[in-house]
1. In µm²/s, what is D for the range 97-200 at 4 °C and 1.567 mPa s, where D = kT/(6 pi eta Rh) by Stokes-Einstein and Rh is the Kirkwood radius from Cα pairs?
2. Once amide H atoms are built 1.01 Å from N in the peptide plane, which residues 5 or more positions from residue 239, or in another chain, come under 5 Å H to H?
3. Which of 268, 176 comes first, and how do the rest follow, when ranked by fewest Cβ neighbours within 10 Å?
4. Give me the dipole magnitude in Debye, nearest 20, for the chain about the Cα centre, with unit charges on the beta carbon: positive for Lys and Arg, negative for Asp and Glu.
5. Within 10 Å of each candidate Cβ there may be at most 11 other Cβ atoms; applying that plus a DSSP loop requirement, which trypsin sites (Lys or Arg not before Pro) in the range 29-74 survive?
6. Roughly what percent of Cα-Cα pairs across the range 151-280 reach past 26 Å?
7. As a quick test, which of the pairs 41/201; 104/271; 50/271; 14/234; 125/185; 39/102 have an alpha carbon distance above 21 angstrom in this structure?
8. Express as a percent, rounded to the nearest 5, the fraction of DSSP beta bridges in the range 18-276 (both residues included) that run antiparallel.
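Read-outs: derived from the displayed coordinates by stated rules, not from any lab. Since the model is a prediction, treat every value here as computed from it, not as a measurement. Please note: Cβ atoms are built from the backbone with ideal geometry, for glycine as well, and neighbour counts cover all protein chains shown.
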Amino acid sequence: MEKKKYVTEDGEHKSDVIVSWIITHGCQERCAYCISPEKCKEITDYETHKAIQDQMIATGLTKNRYIGGEPLLIPHLGKLIKESKEAGLNNRLSTNGILLTKEKLIELRDYLDSIALPFESCNDKLNQNIRGTKNHREIVTDRIKMIKELSDLGVLVNTCVHRENIHELEELAYLLDELGIDHWKLRKFNSSSGRGAVPNKNRFEISEEEFFDVVNHLQSLGLGYRIDGRLPSKLNTRLMVSPQGELYRMIEGEEEEVHYGKVLTKKLNIKEIYQRDGCN
Ligand code: SF4
């Protein structure tokens, strides 16, 4: 299969139809700012996942974002990613990196366009306090080096900016430059939902001013990759599919999300909804 060099996205996604597919809420980590709810009954079989994916592709999906939770916990994820690529889609995997072994990367690399990883800070004690797991820095650093060595996939890093890592980000910025990533997406801590974020509101909350001060500072360092700062409201226009196969959008600050129903049962037309509701 012919591969094209990854092109960093500008966030406008003209003519694309994108879905973030939360294929599971399960995860090996327990990040204290996590916006996922507790895991409850989820779709687990390949046939139903394939039918959901086929319905989305048949109705105009062009970019598939496999997210979680931790999507690599789904045993048949590789098959779905392969089938999506064979249908001509642009695929991104967002993973915490723990299960991204060399063998897994070799299995997936021809069918992905980019991989996104979380990176908390270079401070191991802080990382462990926040994520509940050890070796986050070593794991993510190792995975970025491995992706660069074994593939030409785009490498994105996602960082939730909060009270405890806001003063640690410059060191991380220089490390990401050394590692040669393509895009660093910083998002302001969001306390409106999630098993970690809601109870930890007071621990992590920062103001928009503090957030954009740090983003502007990091951008002013003139490093060799794109840096973007996003508010939680950016999610308002993102189409998501839940682990139960329901299409929805999260609306920040409102209790009600926008629910469109189950992709399969309602035979939803993804492109029609995406364009009608101004998604991106
Ligand atoms: S934020 Fe942390 S706990 Fe939540 S899904 Fe991501 S890696 Fe897992």
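1. In µm²/s, the coefficient rounds to 89.
2. It is 20, 280, by chain and number.
3. On the way: 268 20, 176 27.
Ascending number of Cβ neighbours within 10 Å: 268, 176.
4. Details: 41 positive and 45 negative charges, 138 e Å.
For this selection, approximately 660 debye.
5. Working: sites: 30, 39, 41, 50, 63, 65; in loops: 30, 39, 41.
Within the range 29-74, the qualifying trypsin sites (Lys or Arg not before Pro) (loop, at most 11 other Cβ atoms within 10 Å) are 41.
6. Roughly 38 percent, rounded to a whole number.
7. Numbers: 41/201 27 Å; 104/271 31 Å; 50/271 18 Å; 14/234 16 Å; 125/185 23 Å; 39/102 28 Å.
Beyond 21 Å: 41/201; 104/271; 125/185; 39/102.
8. Given both bridge residues lie in the range 18-276, the antiparallel proportion sits at roughly 15 percent.
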